[in-house]
Structure formats: C-alpha cells, structure tokens
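Written below as structure tokens is the structure these notes are about.
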Amino acid sequence: MPFVHELRVRYGECDPQGIVFNANYVSYFDVAFTELWRAALGPWQKMVERGIDAVVGEINVRFRAPARFDDVLQLQARIADLGTTSTTTEIDVVRDGETLVEGRLRHVFVDAGTWEKTEIPDWIREGLRPFVAG
C-alpha cells in the first residue's frame, strides 16, 4: 500500500526555466521518506534512541515531465524491498494523476553508536510491513 504525502512547489524550488530544479527532487524524496517513516514507526529519533540508524546508500532519479511553481504534488512512497540490512523505497512524484518523476532510495541500517552495518530489527520490519509493495 503506498503512503501519500502532498506538497506544493514553492517559487524558490524552481530554476530560471520555471521548473523544479532537478536536485530539489532529492529533498522531496527525503520529505516523503521521513513522513512514511513517521507513519510507520514514529519520529526518527525514537529509532536512534533504540540504537539503530539508517544512512542513504543509493539514490536513483528518473525524470519524465517537469513540475512547476505552485503545482500540488503527491509523493507516493512504498517499500520495494526489505532486505537483511537495507531497505529500498520507491517514490513517485505525481501531479493530477501523471507521474512526473520516479525515485528509488536505498537505506542501509547501522548501529547508532558504531556506525557499523546491522540487520534490520524485527520491530522496524513490522512497522514498515503495511507499506511494502504488493
């Protein structure tokens, strides 16, 4: 089941061509991922307090059509893969039913104290399960 977060494009996120500057989509992905996480498991800091953190290992972006100032965008996020030590999230940026940008993020789980890679705890798996793609 996808998680959906809406946002409106601000003027400062656009380039001189009047379209969303490409690097801003990574910020949009971060917003969507953070809000999905909050819905699934609560605030990020709660996870860190339990000794687990996650770092970005990879980001892929596919541009299909531009978004512009004042567009209302739906960020549709789903967990595409829940591996042993990493998770992959797919995020579509959608305007009026049209997919404008496709994003794919891989987060690697680490021990919050040592920063060494660690397995995804069961409590995180359970929290994310409702958002795992069919």
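Listing for the model above:
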{"quantity": "Cross-chain or 6+ apart pairs with Cβ under 8 Å, segment 23-36 first and buried (at least 22 other Cβ atoms within 10 Å of the Cβ), then in a helix (DSSP H, G or I) and at pLDDT 95 or above", "calculated": "Leu36/Phe131"}
{"quantity": "Residue in segment 126-134 that is without any contact (Cβ under 8 Å) to a residue 60 or more places away in the chain and part of a helix (DSSP H, G or I) present", "calculated": "yes"}
{"quantity": "Some residue of segment 49-58 being buried (at least 17 other Cβ atoms within 10 Å of the Cβ), among the hydrophobic types (A, V, I, L, M, F, W, C) and farther than 22 Å from Arg129 by Cβ", "calculated": "no"}
{"quantity": "Qualifying residue in segment 125-132 (condition: among the aromatic types (Phe, Trp, Tyr), more than 26 Å from Asn22 (Cα to Cα) and over 19 Å from the mean Cα position of the chain (by Cα))", "calculated": "no"}
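The values are calculated or read from the model by the stated rules, or taken from the named source; none is laboratory data. Since the structure is predicted, the reported quantities are computational estimates derived from the model, not experimental observations. Neighbour counts run over all protein chains shown; Cβ positions are idealised from the backbone, glycine included.
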